[in-house]
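Reviewing the structure listed below.
Each value in this text was obtained by applying a stated rule to the coordinates, not by laboratory testing. Note that this is a predicted model, so its numbers are computed, not measured. Neighbour counts are summed over all protein chains in view; Cβ atoms, including those assigned to glycine, are modelled from backbone coordinates with ideal geometry.
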Amino acid sequence: SPRRQSGAERSGAHPGAHPLCASPAARLTGLCSIVQGREPKSGETGSSMNRAAPPLDFGPRNPFCPPPLDAALGGQVSPEFQWQAARMPPLSRSLLLFGDDPGSVDPAELVNELRLDLSTAEDVRRALGARGDEAVLRSPAVLPPAACEALRNAVSTESQQKADTVDGAPDHQLNLSREELESAIGPEAAAVLWSLPASFLGEAADAALTSDVEIFVRRYTPATRPWNPFHTDSSRLTINVALDPPGRYTGGTLLGCFDAQVRPLPRGEGDATTHESTLLHGVSTAET
């Protein structure tokens with residue numbers, strides 16, 4: 001049966017990012033995201049797993065992050081992410097680790113270097129051709145500051161560190177049921193989130209998009225989860241809500257591949273982005 005995913009990324013309670021995910025998806029420092037499920041394709045499992053490139057071999061293991069990055073992050077990066085940084089493909093590394101201008105990267109070359117399976121690559125290229133609002137719905141101030149603060153506080157005290165479905169590194173997130181989310185932020189704020197699928201899909205939206213959801217709040221910091229590699233999600237929709245105001249963190253930019261470009265998606269506290277889960281996206285390094 002279809003499942004949804006969600007995630008919140010960065011928070012100001014501690015340096016880093018917290019996202020909340022549910023039917024739409026969550027984002028960086030003080031971000032929330034929700035992913036709506038879909039029926040798995042032939043050959044996929046029924047679980048709501050994110051799809052990322054298989055491990056690549058870029059030579060002997062380097063146990064350290066690239067020196068400039070490691071210095072910038074104060075030597076806080078965990079061994080799991082040091083290893084990931086050493087193996088990251090060149091274009092992904094330039095965007096996610098070093099914060100290069102997304103406009104300088106050919107999105108087709110980025111997709112090619114990820115070595116996605118054929119079905120996923122076709123979905124990603126289709127999403128890459130989508131234009132503007134057809135690809136991403138950007139909704140300001142979906143959650144009020146009090147709701148964002150409640151979620152930041154919750155993930156700071158109750159987060160888990162299980163293997164993430166994208167890269168296998170610790171996820172540093174808090175999983176929530178629909179009822180737990182509504183209890184944390186209130187029914188009125190939750191109702192606004194549940195309205196986003198219909199705002200994005202129009203008549204194509206159905207009740208399952210808000211009844212069967214996976215929701216999580218995630219924390220991004222140099223010492224926890226510094227970045228999130230480029231990936232797609234296996235649910236129908238992703239809703240990502242920022243939980244921190246931009247002034248509380250540095251880095252941690254949500255990047256999406258659409259409109260034939262790699263596009264940064266800056267957001268303020270409580271702002272949401274909604275997109276099809278086939279859209280290739282990632283989060284750059286949270287520096288503070």
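Just a few scattered comments:
- Amide H within-cut-off set for residue 130, under 5 Å, with H built and near neighbours excluded: 259, 260
- Charges were assigned to the Cβ only: +1 to each Lys and Arg, -1 to each Asp and Glu. The resulting dipole of region 162-237 about its Cα centre is roughly 340 debye.
- Radius 13 Å from Cβ of residue 258, net charge of other residues (Lys, Arg +1; Asp, Glu -1): 0
- Built amide H within the under 5 Å cut-off of residue 280, gap 5+: 257
- For region 103-157: rounded, prolate or oblate by the Cα gyration tensor [a/c cutoff 1.5]: prolate
- For residue 153, neighbours were defined as the other residues whose beta-carbon sits under 13 Å from its Cβ, and their charges (Lys and Arg +1, Asp and Glu -1) total -1.
- Peptides 150-158, 246-254 ranked from most to least packed by the mean count of surrounding Cβ atoms within 10 Å: 246-254, 150-158.
- Interchain or long-range residues, amide H under 5 Å from residue 213's placed H: 4
- Estimated dipole of region 131-288 in Debye, rounded to 20 [Cβ of Lys and Arg +1, of Asp and Glu -1, Cα centre]: 460 debye
- Prolate/oblate/rounded label for region 134-288 (Cα gyration tensor, a/c 1.5): rounded
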